[in-house]
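For reference, the structure is listed below as C-alpha cells.
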Amino acid sequence: QVHLVESGGGLVQAGGSLRLSCAASGSNFINVMYWYRQAPGKQRELVASITRGGSTNYAGSVKGRFTISRDNARNTVYLQMNSLKPEDTAVYFCKANLFGNDYWGQGTQVTVSS
C-alpha cells in the first residue's frame, strides 16, 4: 500500500511560481511517479512524469515552464511551476504506480489569478 500526500498549492498571480511536493510512504520500489491536474468541468490530465532514474516527460502545455524532479532518498517528487497562467488553475494530484496498481494523493489546489 502506497500513501501519497501533496502540498504546496495556493493562490498566485499570473507569471508567478509555485512548488508542489508529494511525499510517498509505504514502498521504496516506486518506479514512475506522475503529476496530474483536473480543472473544473474538465477531465484529469497528465502533466508530467519521472522515472526513478530521472527520465522525464511533460505535457505540451507545460513544457518549458514546469519541471518535475524527485528525491529518491526522501521518496518525494516535486513539481516546480514557473510562468503560471490562469489556465493552469486546477487541483493537482500525485500518482504512483506500483506492481500494476495506481495510488493517488488527495490533491492540492492551485489557483492562478489574472
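Of all residues in segment 1-18, those that are on the phi > 0 side of the Ramachandran plot have Cβ atoms under 8 Å from Cβ atoms of residues that are of a type in the set (Lys, Arg) and open to solvent by 60 Å² or more (accessible area, probe 1.4 Å), 6 or more apart or on another chain, in Gly8/Arg19.
In this structure, does Val32 turn out to be touching a residue at least 60 places away in the same chain (Cβ under 8 Å) and more than 17 Å from Val77 (Cβ to Cβ)? If you could, list the steps in order and put the result at the bottom.
On the way: touching a residue at least 60 places away in the same chain (Cβ under 8 Å): yes; more than 17 Å from Val77 (Cβ to Cβ): no.
Judged against the criteria, Val32 is not a match.
Filtering segment 43-84 to residues that are touching a residue at least 24 places away in the same chain (Cβ under 8 Å), open to solvent by 80 Å² or more (accessible area, probe 1.4 Å) and farther than 20 Å from Ser25 by Cα leaves only Arg44. The set of residues from segment 15-31 being more than 19 Å from Pro86 (Cβ to Cβ) and surrounded by 15 or more Cβ atoms within 10 Å (Cβ to Cβ) comprises Ser21, Cys22, Ala23, Ala24, Ile30.
The values are calculated or read from the model by the stated rules, or taken from the named source; none is laboratory data. These numbers come from a predicted model, not from an experiment. Cβ sites come from the backbone with ideal geometry, for glycine too, and all protein chains shown count toward neighbours. We work out accessible area using only protein heavy atoms, side chains counted, and drop any ligands, DNA or RNA first. Shrake-Rupley method; radii C 1.70, N 1.55, O 1.52, S 1.80 Å.
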